[in-house]
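Everything on this sheet refers to the single structure shown next.
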Amino acid sequence: MTHGSEQRQCCVTCGQPRLGPYCHHCSERAVGARELSLACFARDVVHEVTHLDSKIWRTLRLLLSRPGWLTLEYFRGRRTPYIRPIRLYLSLSMLYFVVYSLCDQAALIDVRNVLFVDITGSLAPALDRLRAAQGLAEGPFYEGVNERLSSTVSVFLYFLIFVYALVFKLIYRRRGMYYVQHLIFCLHFMAFSFLRDVLILPLLYWNRAAGFLVGVVTTVLYLYHAICEVYPSSRRKQVLSLFFVYAALGVI
């Protein structure tokens, strides 16, 4: 009788009848006196740490080495072995902003980086006029601009990811893919960008221009291979798609 009454106990989380050690409705595990022992606690800690550790390294390794693979795995329904896209994106974005907020000298969010790709030549004179109007030296002026730019970008990036997905939806509208599928692709791509920027931090300290160039080149190459993996087509169409996608993201 005692064993049967224990089996029919209700789940403390969802209130549904529990027919065994786990709830069939929410998967909550029943906790007894033995589960609160130090030995069981230590076992659970080891399991959680090793399980999470393997998932983290598996996800990051594939994110760096196989562009587009995590997106395809998500589409296939194989999601348990990896960190979910939204959690991966949020975690790496927070890591990025924390690291670069402590390393002002190497910050990629620097308006002076745009001068390297300003083909019109109008940005530098405009910044000089603004700096003269404020009566600031070059160092303090750019520090103030970059600080405001960093705080703005850190907020808007969380919203722009939805705009990025819309760009892919428009470019690949004939494929009949759901908007969320493009959003997953963008989450993985941006997660790579955040991780890449953290990894090249020493290079940025050594040479800002070289670090910026590496960032641009790796972005183009990674995006191309990811597009080839997730949106397979002829090489000509893939190159054209890369051009339009990169141009659109650059404008945004």
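Summary of computed values
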item	result
Two-site FRET efficiency, Phe243 against Cys26, from Cβ-Cβ distance with R₀ of 51 Å, rounded to 0.05	0.60
Charge dipole magnitude, Cβ of K and R +1, D and E -1 - the stretch 121-203, Cα centre, debye nearest 20	620 debye
Solvent-accessible area, 1.4 Å probe, carbon plus sulfur percent, for the stretch 121-252	68 percent
Square roots of 5 times each gyration tensor eigenvalue, C-alpha, the stretch 151-236, largest first, Å	27, 17, 9
The stretch 129-199, relative contact order [Cα under 8 Å, separation at least 6], %	22 percent
Stretch gain in nm, segment Ala126-Val220, where the contour uses 0.36 nm per residue and the Cα spacing is subtracted	30.9 nm
Debye, to nearest 20: dipole size of the stretch 137-181, +1 on Lys, Arg Cβ, -1 on Asp, Glu Cβ	640 debye
3J(HN,Hα) from dihedral phi, the stretch 220-227, Karplus parametrisation 6.51/-1.76/1.60, rounded to Hz, x for glycine, proline	5, 5, 5, 4, 4, 5, 5, 5
Protection proxy ranking, peptides 124-134, 157-167, average beta carbon neighbours within 10 Å, highest first	157-167, 124-134
Simple label model, 7 Å out from Cα along Cβ direction - Leu160 to Arg58, nm	3.3 nm
Per-peptide average of other Cβ atoms within 10 Å, ordering 75-83, 213-221 highest first	213-221, 75-83
Listed residues Tyr224, Phe212, Gly176: farthest to the positive end of the dipole of the stretch 169-238 (Cβ charges)	Gly176
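The values are calculated or read from the model by the stated rules, or taken from the named source; none is laboratory data. Fair warning: this is a prediction, and the values are worked out from it, not measured in the lab. Please note: Cβ atoms are built from the backbone with ideal geometry, for glycine as well, and neighbour counts cover all protein chains shown. Ligands, DNA and RNA are stripped out before the accessible areas are found, and what is left, the full protein with its side chains, is counted by its heavy atoms. Shrake-Rupley method; radii C 1.70, N 1.55, O 1.52, S 1.80 Å.
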